[in-house]
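The values are calculated or read from the model by the stated rules, or taken from the named source; none is laboratory data. Just so we're clear, the structure is a prediction, and the values are computed from it rather than from any experiment. Glycine gets a Cβ as well: all are built from the backbone with ideal geometry, and neighbour counts include every protein chain shown.
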2 protein chains.
Amino acid sequence: MKAVQRRPVAVSDTRDRVLDAAERLVQTMGFNWFSYADIASELAIRKASVHHHFATKAELGRAMIARYSESFAAALDAIGRARVDAATKLTRYAKLYETVLRDNRLCLCAVLAAEYGSLPAPMQAEIRRFFDRNEHWLAKVIEEGRQAKTITINGSPIDVARMLLSSLEGAMLVARPYGDAKRFAAAAALVVSGLRTVGKST
Amino acid sequence: MKAVQRRPVAVSDTRDRVLDAAERLVQTMGFNWFSYADIASELAIRKASVHHHFATKAELGRAMIARYSESFAAALDAIGRARVDAATKLTRYAKLYETVLRDNRLCLCAVLAAEYGSLPAPMQAEIRRFFDRNEHWLAKVIEEGRQAKTITINGSPIDVARMLLSSLEGAMLVARPYGDAKRFAAAAALVVSGLRTVGKST
DNA sequence: CACTACCTATCTACTAGTAGGTAGTACGGC
DNA sequence: GCCGTACTACCTACTAGTAGATAGGTAGTG
């Protein structure tokens, strides 16, 4: 897949730690709030070292979303392969969000969608890609549940997928100011339970 | 209501125009992106004149949310007094959001909830107040519909109100990167139609 | 005279980004 | 085994520009 040009002279985990710090800062404060100095001081390195790994803030932002999107896709893949019914998969999907919120963070792409107009085009494209992948995965699970008759929908799978994704993103957004993950859990349960075929509902 | 202390020596609409500009900038770019210079240049005045009306950015932010919250409450009051059934009131409520989105803006408090951790305490308090008022109004309308049997809910009115509010906020958030108000309308219709008593659904 | 509205000029702190340097390491040639 | 080359990682020191905020002034008005 990727040709090794020369060889890796040294392996540093600093690059990943920069992305970790940036991710946490965006999820809690927003992309336009933090600076290279914040990341540098958190990692006890110099600003120039952060620039060594990510020349510009735009490139740091793009790489951060790409990594987040990949790791999220891996989690979706794991849920997708589990031998449980579609409604349970959706509940586990919601649980993925709840875990993030419990750390007082929001979905990375929810924060970035709020600041969307201020972001460089490459970051905007990565954000749409994240939402597209989630909608596609959700639509597949919903269609699977519709065929197994464990899920009853009132519209096309893609429309229901979009409704579900945006409802969960919104539930995180509104729950955080109250520092109360139960708020999210209650809203998520209401939305997911609305899809369960009557007679099988919790 | 408000005691006139001395008298208004001169009446300027600059203060309101500053709030208009700030509101638009937050809704499209976020609170941490814009500066006093952006507002000054947009109004063709000087930065110091903006500081004359709002000494600090924190105070500007607080006043901006308070005004937004008041004008939103007035709109809710108008919908609440209309002689239409509860489900129609909820549809009109969703329409309120759709109008904002069509201008490529987000709900002011949705953007600020995304940047929540970076905001001064007085702004944080105003944001929670906005959500509280919306939830309270929605719960009242939902309870009204439940009693008239035009709405069927699967939980307490306040939980359904929270679900509805956060679903609509999320639907705006996710729709904007696609510049497509139809995405919002479809998600909103799905959520609202899920509350209509079966047999009366659209 | 007190007040509002707005101005010029300036401050300090911080922003993203750059120039150019040092230390350490993997590898090919000898 | 040792040495030069190329590379990564990180550093100090700096730039130009912008952030929010302040001091102190002018013009107009009741």
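Just to verify a result, which residue in region B:163-178, among those that are under 26 Å from A:Lys182 (Cα atoms) and of a type outside the set (A, V, I, L, M), is nearest to the other protein chains (Cβ to nearest Cβ)? Walk me through it before giving the result.
Kept after step one, since they are under 26 Å from A:Lys182 (Cα atoms), are these residues of region B:163-178: B:163-175.
Adding the requirement that they be of a type outside the set (A, V, I, L, M) leaves B:166-167, B:169-170.
Working: B:Ser166: 4, B:Ser167: 4, B:Glu169: 4, B:Gly170: 2 Å.
Ranking the candidates gives B:Gly170 first.
Among the residues of region B:130-156, which ones are more than 10 Å from chain A (Cβ to nearest Cβ) and crowded, with 20+ Cβ neighbours inside 10 Å? Even if it seems obvious, please write down each step before you answer.
Initially, region B:130-156 is screened for residues more than 10 Å from chain A (Cβ to nearest Cβ), giving B:133, B:136-152.
Matches in region B:130-156: B:Trp137, B:Leu138, B:Val141, B:Ile142, B:Gly145, B:Ile151.
Would it be correct to say that A:Val111 is modelled with pLDDT of 95 or more and more than 12 Å from every other protein chain (Cβ to nearest Cβ)?
Numbers: modelled with pLDDT of 95 or more: yes; more than 12 Å from every other protein chain (Cβ to nearest Cβ): no.
The answer is no for A:Val111.
Do we find a residue being of a type outside the set (Gly, Ala, Ser), within 16 Å of DNA strand C (Cβ to nearest atom) and crowded, with 18+ Cβ neighbours inside 10 Å anywhere in region B:110-118?
Of the residues in region B:110-118, the ones of a type outside the set (Gly, Ala, Ser) are B:111-112, B:115-116.
Filter again for within 16 Å of DNA strand C (Cβ to nearest atom), leaving B:115.
Narrowing further to those that are crowded, with 18+ Cβ neighbours inside 10 Å: B:115.
Taking every residue of region B:110-118 in turn, at least one turns out to be of a type outside the set (Gly, Ala, Ser), within 16 Å of DNA strand C (Cβ to nearest atom) and crowded, with 18+ Cβ neighbours inside 10 Å.
Name the residues in region A:179-202 that are part of a helix (DSSP H, G or I) and either hydrophobic (A, V, I, L, M, F, W, C) or facing chain B (nearest Cβ under 7 Å) (or both), would you?
Selection gives A:Ala181, A:Arg183, A:Phe184, A:Ala185, A:Ala186, A:Ala187, A:Ala188, A:Ala189, A:Leu190, A:Val191, A:Val192, A:Ser193.
Working carefully through the options A:Ala86, A:Ala94, A:Ala125, find the one that is more than 10 Å from the chain's Cα centre (by Cα), surrounded by 13 or more Cβ atoms within 10 Å (Cβ to Cβ), touching a residue at least 40 places away in the same chain (Cβ under 8 Å) and within 14 Å of chain B (Cβ to nearest Cβ).
The conditions single out A:Ala94.
Does region B:91-105 contain any residue that is touching a Ser or Thr at 6+ places or on another chain (Cβ under 7 Å) and assigned to a helix (DSSP H, G or I)? Let's see the steps before the verdict.
We begin by selecting, within region B:91-105, every residue touching a Ser or Thr at 6+ places or on another chain (Cβ under 7 Å); these are B:104-105.
Filter once more, so that each one left must be assigned to a helix (DSSP H, G or I): none.
No, region B:91-105 contains no residue that is touching a Ser or Thr at 6+ places or on another chain (Cβ under 7 Å) and assigned to a helix (DSSP H, G or I).
Does B:Thr88 count as more than 30 Å from B:Arg146 (Cα to Cα), more than 16 Å from DNA strand C (Cβ to nearest atom), part of a helix (DSSP H, G or I) and among the β-branched types (Val, Ile, Thr)?
On the way: more than 30 Å from B:Arg146 (Cα to Cα): no; more than 16 Å from DNA strand C (Cβ to nearest atom): yes; part of a helix (DSSP H, G or I): yes; among the β-branched types (Val, Ile, Thr): yes.
So B:Thr88 fails the test.
Which helices (runs of 4 or more DSSP H) does region B:1-65 wholly contain that include 1 or more residues that are away from DNA strand C (no atom under 13 Å from the Cβ) and either at pLDDT 95 or above or buried (at least 19 other Cβ atoms within 10 Å of the Cβ) (or both)? First the steps, then the outcome.
Numbers: elements: B:14-29, B:36-43, B:47-53.
Output list reads B:14-29, B:36-43.
Return yes or no: is B:Ala87 touching a Ser or Thr at 6+ places or on another chain (Cβ under 6 Å) and closer than 22 Å to A:Ala171 by Cβ? It would help to see each step written out before you state the result.
On the way: touching a Ser or Thr at 6+ places or on another chain (Cβ under 6 Å): yes; closer than 22 Å to A:Ala171 by Cβ: yes.
In short, yes.
For B:Glu70, all conditions in the list (1) more than 11 Å from DNA strand D (Cβ to nearest atom); (2) over 28 Å from B:Lys182 (Cβ atoms); (3) buried (at least 20 other Cβ atoms within 10 Å of the Cβ) hold save one; what is the number of the exception?
B:Glu70 satisfies every listed condition except (3).
Restricting to region B:151-192, name every residue that is closer than 19 Å to A:Ala171 by Cβ, of a type in the set (S, T, N, Q) and over 21 Å from the mean Cα position of the chain (by Cα).
B:Asn154, B:Ser156
Hey, could you check region B:32-58 for residues that are within 10 Å of DNA strand D (Cβ to nearest atom) and within 11 Å of B:Ala22 (Cβ to Cβ) and say which is nearest to the other protein chains (Cβ to nearest Cβ)? Explain how you work it out, then say what you get.
Narrowing region B:32-58 to residues within 10 Å of DNA strand D (Cβ to nearest atom): B:32-41, B:46-52, B:54-58.
Subset that is within 11 Å of B:Ala22 (Cβ to Cβ): B:34-36, B:38-39, B:50, B:54, B:57.
On the way: B:Phe34: 8, B:Ser35: 11, B:Tyr36: 15, B:Asp38: 11, B:Ile39: 15, B:Val50: 19, B:Phe54: 20, B:Lys57: 13 Å.
For region B:32-58, the residue satisfying everything is B:Phe34.
Give me the residue from region B:174-198 that is among the β-branched types (Val, Ile, Thr) and closer than 15 Å to A:Ala161 by Cβ and, out of that set, surrounded by the most Cβ atoms within 10 Å (Cβ to Cβ). Before the answer, list the steps.
Here is the first cut: in region B:174-198, the residues among the β-branched types (Val, Ile, Thr) are B:174, B:191-192, B:197-198.
Going one step further and asking which of them are closer than 15 Å to A:Ala161 by Cβ, we end up with B:174, B:191.
Numbers: B:Val174: 28, B:Val191: 22.
Within region B:174-198, the match that is surrounded by the most Cβ atoms within 10 Å (Cβ to Cβ) is B:Val174.
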